[in-house]
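Working notes, structure below.
Nothing in this text is a laboratory measurement; each read-out follows from the coordinates by a stated rule. What you are looking at is a predicted structure, and each value in this text was computed from that prediction instead of being measured. Note that we place each Cβ from the backbone using ideal geometry, even for glycine, and neighbour counts take in every protein chain shown.
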Amino acid sequence: MKRHLPPLNSLRAFEAAARLGSFKAAAAELFVTHGAISRHIQQLEAWLGAPLFERHNRRVTLTDSGSRYVAEVSAVFDRLALATAQQLEQGRHRVLRVNVPATFTLRWLLPRLSTFQLSHPGIEVRLTTSNEPLGSLTQGFDLVIRGGPQAADGYLAREFLSEARLPVCSPALLKQHPLQTPADLRHHTLLHAATYPAMWSEWLTAAGVPELQAGHSQAGHALTLEHFYLTLQAALDGLGVAMGPMALVADEVAEGRLIMPFSSPALPSWRYFVYMPKERAADPAVTAFCAWLEAAGRGTV
């Protein structure tokens, strides 16, 4: 059905004049002359067949029919303004889907992510946590963060962070059983992560005490937890000694909530990469997030 609508410019002039209570103020808001406002309203009154304003010497007031009409017209303009704002925002809004290991998300990414959001308000970062290899991911992601490098067809990789790994524990635990040498670990519970089962074995071998590995007669207690971030929380709670990735425990070490009893040997540096599908390498949101990751890895954001 064809809509029977009055001249839209006349409606704008009427709504502005009624809202502001002045033809002069309406002219200033719409960047037209006082005479143009007056002509638009006269045109609308003629179209409707009813007066909308009562004219006085230096002011105008709405008639009863004008008051009823402006209530509906203003509501329509308000809804139109809201719909327009939502449409413009939708056009600028970009969802960036990023797949990240859970421990890295909790310990490094989330504490820093607000700096990206503040500088890129039009990009919404949606995080999914998993440790699956790149080739096993079935969902479509704009970016994937993993240790590496990993070889994966169809992806480009950019390194943004590296770290060493050393034992860490709470200060209270050291007061109970000091750690002077790696051999003293036999008096402690070693906290293992099921997702990184060989980490303690590698460090104990490098430290010259392979006999302290789990299952050996000289080994101390061992506690295996499902995720790496659980071992770090257990270390904070004084349950034992965990292998700490320095990038992920730097804040706790700086605050004294975790202590590194040994400065060496450090396991070979673990490197973090952001992987992007080749077809998205030129996406502005993807390149912005990669650049931010590299700056965050350098500690410059």
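In straight-distance terms, cross-link reach from Lys278 covers every one of the aspartates and glutamates whose alpha-carbon lies under 17 Å from its own, apart from those fewer than eight places away in the same chain; here that gives Asp142, Asp153, Glu159.
Near Tyr155, the amide H atoms lying under 5 Å from its own belong to Lys278; only residues 5 or more places off or on other chains count, and H is placed 1.01 Å from N.
If you average 1/r over all unlike Cα pairs in region 136-236 and invert the result, what Kirkwood radius do you get in angstrom? It is 16.1 Å. Under a model in which nothing but the beta-carbon of Lys, Arg (+1) and Asp, Glu (-1) is charged, the chain shows a dipole of about 1280 debye around its Cα centre. A Cβ-based charge dipole, computed about the Cα centre of region 8-92 with Lys and Arg at +1 and Asp and Glu at -1, lands at about 260 debye. Helix 246-255 and the long axis of the chain differ in direction by around 90°, with both axes built from C-alpha atoms. Here's the list of aspartates and glutamates a cross-link from Lys24 could span, going by alpha-carbon distance under 17 Å and ignoring same-chain residues fewer than 8 apart: Glu15, Glu54.
Calculated FRET efficiency, Ala250 to Gln117, Cβ-Cβ distance, R0 = 25 Å: about 0.70 to the nearest 0.05.
Kindly list the residues of region 91-124 that lie in the label zone of Leu156, defined by a backbone N under 13 Å from the point 7 Å along the Cα-to-C-beta vector. No residues fall inside that zone.
From the Kirkwood radius over Cα pairs of region 238-296, Stokes-Einstein at 20 °C and 1.002 mPa s returns a whole-number translational diffusion coefficient of 147 µm²/s. Remark: Phe31, Phe104 ranked as Phe31, Phe104, counting other beta-carbon atoms within 10 Å and listing the fewest first. Quarter the surface of the alpha carbon convex hull of the chain and you get the mean projected area, 25.9 square nanometres.
Ranking Ala152, Ala291, His187 by how far each Cα lies toward the positive end of the dipole of the chain (charges on Cβ) leaves Ala291 at the top. Once the Kirkwood radius over Cα pairs is known for region 8-92, the Stokes-Einstein relation at 4 °C and 1.567 mPa s delivers a diffusion coefficient of 96 µm²/s. For region 1-143, the Cβ-based charge dipole about the Cα centre amounts to some 220 debye (Lys, Arg positive; Asp, Glu negative; other atoms uncharged).
Using the Cβ-Cβ distance between Asp184 and Thr129 with R0 set to 35 Å, the FRET efficiency works out to roughly 0.50.
Shown for Trp200, Trp292: other C-beta atoms within 10 Å of each C-beta, ranked fewest to most, produce the order Trp292, Trp200. Positive end of the dipole of region 123-225 (Cβ unit charges, origin at the Cα centre): among Cys169, Ala206, Leu225, the Cα lying farthest that way belongs to Cys169.
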